[in-house]
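Notes for the one structure printed next.
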Amino acid sequence: MASNAVENYLKAIFQLNNKVKDGATTNAIGEQLGIKAATVSDMLKKLDSLKLINYKKYHAVQLTKKGEELAVSIIRRHRLWEVFLVEKLAFSWDEVHDIAEELEHIESSELVNRLDDFLDNPKFDPHGDPIPDRDGVIHRRDQLPLAELTPGDKAVVTGVKDSSSSFLQFLDNQNIQLGHELTVTSIFDYDKSRVVEMRGKSITLSQQVCKNLYVKTA
């Protein structure tokens, strides 16, 4: 049975290696977990001794097969709990992350599989991230940042890169939700902000917002 701290590290390493260009470096792990680099280094040495990662100083950390299986299991639990909290307990999508962080450490596979069936086996969580199935398979979908679209492109909002409460609250304020259709009408040369037509309204979104909003082209 892995400790909560070990599980948090494995999950962070998996996510960083899948989302960040430089991968799971010591500094990146520390920044994501809010832990000093020296403390991170000590834990990485421990995880390496447990055969959960391959650790080499000054290089991005790689998960072993065993480490990846554990990380995927944790992510599955986390994302299923987020779906449960939103769909069954009416939490908003900006409220569920911290609660799911606690619930993800319940290790009963029987509970998780029953939860999955109870929710009708969802493929994606409330933020658009794929939920690993009970075999650990992650079915990713074809999507790209809104920042890569050009005028005239049509798309559907599928997820967020930034799942912080502040960003999700901003999207709520703009009435932007997963599944909403949009059309890019223009791009400002000055700051690369984009004007999009969505639900009959014209909205101007900064480049930063566009980089953190995933869409699937129509």
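The values are calculated or read from the model by the stated rules, or taken from the named source; none is laboratory data. Just so it is clear, the structure is predicted and the values come from calculations on it, not from any experiment. All Cβ positions, even for glycine, are placed from backbone atoms using ideal geometry, and neighbour counts span all protein chains on display. When the accessible area is computed, the model is the full protein with side chains, heavy atoms only, and any ligands, DNA or RNA have been set aside. Shrake-Rupley method; radii C 1.70, N 1.55, O 1.52, S 1.80 Å.
Numbers at a glance
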{"read-out": "Selected residue (criterion: nearest to Q174 (Cα to Cα)) from residues of the range 191-205 that are in contact with a Leu (Cβ under 9 Å, 6 or more places away or on another chain) and touching a residue at least 24 places away in the same chain (Cβ under 8 Å)", "value": "I203"}
{"read-out": "Among residues of the range 146-164, those that are modelled with pLDDT of 95 or more and closer than 25 Å to D98 by Cα, counted", "value": "4"}
{"read-out": "Single residue of the range 1-39 satisfying the filter (out of contact with any Lys or Arg (no Cβ under 8 Å at 6 or more places or on another chain) and of a type in the set (K, R)) that is least open to solvent (accessible area, probe 1.4 Å)", "value": "K11"}
{"read-out": "Test: residue in the range 36-55 that is in a loop (DSSP other than H, G, I, E, B), of a type in the set (G, A, S) and either within 23 Å of S73 (Cα to Cα) or under 22 Å from the mean Cα position of the chain (by Cα) (or both)", "value": "no"}
{"read-out": "Within the range 170-218, strands (runs of 3 or more DSSP E) holding 2 or more residues that are open to solvent by 40 Å² or more (accessible area, probe 1.4 Å)", "value": "181-187, 201-205, 213-217"}
{"read-out": "Verdict on L171 being more than 18 Å from T217 (Cβ to Cβ) and touching a strand residue (DSSP E or B) at 6+ places or on another chain (Cβ under 9 Å)", "value": "yes"}
{"read-out": "Residue in the range 81-102 that is part of a loop (DSSP other than H, G, I, E, B), among the aromatic types (F, W, Y) and open to solvent by 40 Å² or more (accessible area, probe 1.4 Å) present", "value": "yes"}
{"read-out": "Which numbered condition R141 misses (of (1) among the basic types (K, R); (2) in a loop (DSSP other than H, G, I, E, B); (3) under 29 Å from I176 (Cα atoms); (4) at pLDDT 95 or above)", "value": "(4)"}
{"read-out": "Qualifying residue in the range 63-78 (condition: farther than 25 Å from E102 by Cβ and of a type outside the set (V, I, T))", "value": "yes"}
{"read-out": "Residue list for the range 103-130, filter: part of a loop (DSSP other than H, G, I, E, B) and either more than 30 Å from E197 (Cα to Cα) or free of Cβ contacts under 8 Å to residues at least 40 places away in the same chain (or both)", "value": "E104, H105, I106, E107, S108, L119, D120, N121, K123"}
{"read-out": "Qualifying residue in the range 143-162 (condition: farther than 30 Å from K65 by Cβ, of a type in the set (D, E, K, R), out of contact with any helix residue (DSSP H, G or I) (no Cβ under 6 Å at 6 or more places or on another chain) and without any contact (Cβ under 8 Å) to a residue 24 or more places away in the chain)", "value": "yes"}
